[in-house]
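Engineer: Have a look at this one before I ask anything.
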Amino acid sequence: MRIVISIIFIIFCHFTTDAQETEFVHRSGILDSLYSKTLNENRSIYIQVPESYQSNSTRKYPVAYIIDGEVFMPALSNVLEYYSGGFMPEMVLVGISNSENRTRDLTISKVTSRQGMPFNQENGEADNFLKFISEELIPYVERNYPVTRYRTLIGHSYGGLFAIYSLIHEPQLFANYLSIDPSLDWDNQTLLKQAEETLANNNLDGKALYMSLSGQLHWQDSKITIDNVMQDTSDFTVFARSNIAFSNMISENKQSKLFYKWQFYPNDLHGTIPLPSIKDGLLALFEWYQMENTDQINAFDTTRDELLNIITHREHKLRNHFGYTEPPYSEELLNTCGYMNMEMNKTEKAKMYFELAIKYFPNSANTYDSLSEYYESQKDYDNAIKLVAKAFEISKSEFHKNRMESLKAKKL
């Protein structure tokens, strides 16, 4: 019995399937590109789809866009590999290349000096880059890849600045924003001034922001800590002070209804903070998605009606957050729970799980075949044959054809 509980728990936490027949590369993604009239250049993007994706399926997934994709896609991919399913949804990942013209595209206003020194790099065209994402990149991804309109934007440093700029100026584009050690000191904290009005006067209900700060608070003085950094007035702490000031501003404007979490990483530098921030940020932004009531699902004495209430509650919760209907659990999980309950002679629960699998995955031959096995175990061959016939109608496979013949023979 303990083995069964462990198996169920593991499946709830993470489930992957063999999807060798899919046409996309799962781990490293594929390199794609599009020509941007807005930017007047080609822009490379990296695309990765979940392992559960199959090219003959109509299933679509939420999508995460990550700035500096050529650098951060591996970290994002690894986080999803370990945490998707039970802690966050499977997602299509889109890495935006910023290897060229990075400062130009990600900074929000024109400057000629920075930190007391002349600044000659092209800069200040974030509005143009946001237009490219809104009018060209997102439509291109939605035309060519299996994505829904539930989007997350992730950026680090200037990319983190851009992510918050997007939230303030085009909040309808993304549901979630993950801003890693953002450069909010840019141009005398220009974005803080813009954000103050937005936070005070706009309803951001349904939007979520996670922001992090690295432990490098002062460039030269280790005595500056998170407790006293706001009392320092030197240029060496303006980066950290801008981050904290923005966090305080959000806390003071709760009427905006923005979901917000801020996290300080005292042991990380600006260059090391992306990895833990991507993990912790996605876990925070998708906290509502995490599996609940697993103890009741694992318990043998939980009734069928109690289980159905748990599953239905999750279905409604996902629909409220995503804005569209999403299966509360994977097909594999529902089928596995059905077979486990069959083995334990919990026939009502087994039937419920198989029926729910058909409800949520009506185009899967496997779901009909599984319910047919339930009816076969009950010696109800008429229903078993009908369900295998439906499976065969979908799959056209010899396996289901042979199962129909076998069941017809048993009926005789």
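Engineer: Beta carbons within 10 angstrom, averaged per residue: use that to sort the peptides 149-162, 391-404, 121-134, highest first.
Structural biologist: 149-162, 121-134, 391-404
Engineer: Something else: Amide H of residue 85 versus every other amide H placed in the peptide plane: which residues, excluding those fewer than 5 positions away on the same chain, fall under 5 Å?
Structural biologist: 90
Engineer: In which sequence would 105, 185, 301 go, from the one with the fewest C-beta neighbours within 10 Å to the one with the most?
Structural biologist: By the 10 Å Cβ count, ascending, the order reads 301, 185, 105.
Engineer: About its Cα centre, how strong a charge dipole does the stretch 18-289 have in debye, to the nearest 20, once Lys and Arg get +1 and Asp and Glu get -1 at the Cβ?
Structural biologist: With only Lys, Arg, Asp and Glu charged at Cβ, the dipole is about 400 debye.
Engineer: Calculate for the chain the 222 nm mean residue ellipticity that helices alone would give, adding -39,500 (n - 2.57) per DSSP H run of length 4 or more and normalising by residue count, nearest 500 deg cm²/dmol.
Structural biologist: -14500 deg cm²/dmol
Engineer: Once phi is turned into ³J(HN,Hα) by the Karplus curve 6.51 cos²θ - 1.76 cosθ + 1.60 with θ = phi - 60°, what whole-Hz value does each residue of the stretch 298-311 show in order, with x for glycine and proline?
Structural biologist: 6, 6, 6, 8, 5, 6, 4, 5, 5, 4, 5, 5, 4, 5
Engineer: Excluding residues fewer than 8 places away in the same chain, name every one of the aspartates and glutamates whose C-alpha is closer than 18 Å to that of residue 351.
Structural biologist: 301, 305, 306, 331, 332, 343, 369, 373, 376, 380, 382
Engineer: Students often get this wrong: which residues of the stretch 153-173 have the backbone nitrogen under 16 Å from the point 7 angstrom along Cα-to-C-beta of residue 134?
Structural biologist: Answer for this model: 153, 162-173.
Engineer: Also, I was wondering about something else. Near the amide H of residue 177, under 5 Å away, which other amide H atoms are found, from residues 5 or more places off or on another chain, if H is placed in the peptide plane?
Structural biologist: Long-range HN contacts for residue 177: 153, 208, 209, 210.
Engineer: Ordered by residue, what ³J(HN,Hα) values in Hz, to whole numbers, does the stretch 335-347 give under the Karplus form 6.51 cos²θ - 1.76 cosθ + 1.60, where θ = phi - 60° and Gly and Pro are x?
Structural biologist: Whole-Hz 3J(HN,Hα) from phi for the stretch 335-347: 5, 4, 5, x, 5, 5, 5, 4, 5, 8, 6, 9, 5.
Engineer: If I take every Cα pair under 8 Å that is 6 or more residues apart in the chain, average their sequence separation and divide by the length, what percent do I get for the relative contact order? Write out the running numbers ahead of the final one.
Structural biologist: Numbers: 656 pairs, mean separation 47.8, N = 412.
Averaging sequence separation for qualifying contacts and normalising by length gives 12 percent for the chain.
Engineer: Now for a different question. Mean-square fluctuation check for the chain, GNM, Cα pairs under 10 Å: which of 103, 294, 148 is largest?
Structural biologist: Comparing 103, 294, 148 in the GNM, the peak value goes to 294.
Engineer: With springs only between Cα atoms under 10 Å, which of 345, 78, 335 fluctuates most in a Gaussian network model of the chain?
Structural biologist: 345
Engineer: A further question follows. Mind checking the angle between helix 238-252 and the chain's longest principal axis? C-alpha axes, 0 to 90 degrees, to the nearest 10.
Structural biologist: Compared with the principal axis, the helix lies near 60 degrees.
Engineer: Oh, and also: So what are the three principal axis dimensions of the stretch 294-411 from its Cα atoms, in whole Å, longest to shortest?
Structural biologist: Reported extents, whole Å, longest axis first: 45, 33, 17.
Engineer: At a threshold of 8 angstrom on Cα-Cα distance, excluding pairs fewer than six apart, so keeping six or more, what relative contact order does the stretch 294-411 reach in percent?
Structural biologist: 16
Engineer: Mind listing the phi-derived Karplus ³J(HN,Hα) values for the stretch 151-165, rounded to whole Hz, using 6.51, -1.76 and 1.60 with θ = phi - 60°, and x for any glycine or proline?
Structural biologist: Per residue, the Karplus-derived 3J(HN,Hα) values read 10, 10, 10, 10, x, 10, 6, 4, x, x, 4, 5, 4, 5, 4 Hz.
Engineer: With everything on Cα atoms, drop me the angle between helix 398-411 and the longest principal axis of the chain, reported from 0 to 90° to the nearest 10.
Structural biologist: Helix 398-411 sits at roughly 40 degrees to that axis.
Engineer: Let me ask you something else. Excluding residues fewer than 8 places away in the same chain, name every one of the lysines whose C-alpha is closer than 20 Å to that of residue 257.
Structural biologist: Filter leaves 193, 207, 317.
Engineer: Quick one: angle between helix 2-13 and the longest Cα principal axis of the chain, in degrees between 0 and 90, rounded to 10, please.
Structural biologist: Orientation of helix 2-13: about 50 degrees from the principal axis.
Engineer: Here's something else I'd like to know. Test of understanding: in a Gaussian network model of the chain with alpha carbons linked when under 10 Å, which of 257, 37, 279 would top the mean-square fluctuation ranking?
Structural biologist: 37
Engineer: Sticking with this one: On a C-alpha basis, how far is the centre of the stretch 133-155 from the centre of the stretch 295-311 in Å? Whole number, if you could?
Structural biologist: Spelled out, the Cα-based centre of one part sits 37 Å from the other.
Engineer: Set the Förster radius R0 to 45 Å, insert the Cβ-Cβ distance between residue 269 and residue 56 as r into 1/(1 + (r/R0)^6), and round the FRET efficiency to 0.05.
Structural biologist: 0.45
Values quoted throughout were computed directly from the atomic coordinates according to the rules given, and no laboratory measurement underlies them. Small disclaimer: the values here were computed from a predicted structure and weren't measured. FYI the Cβ positions are ideal-geometry reconstructions off the backbone, even for glycines, and counts take in every protein chain you see.
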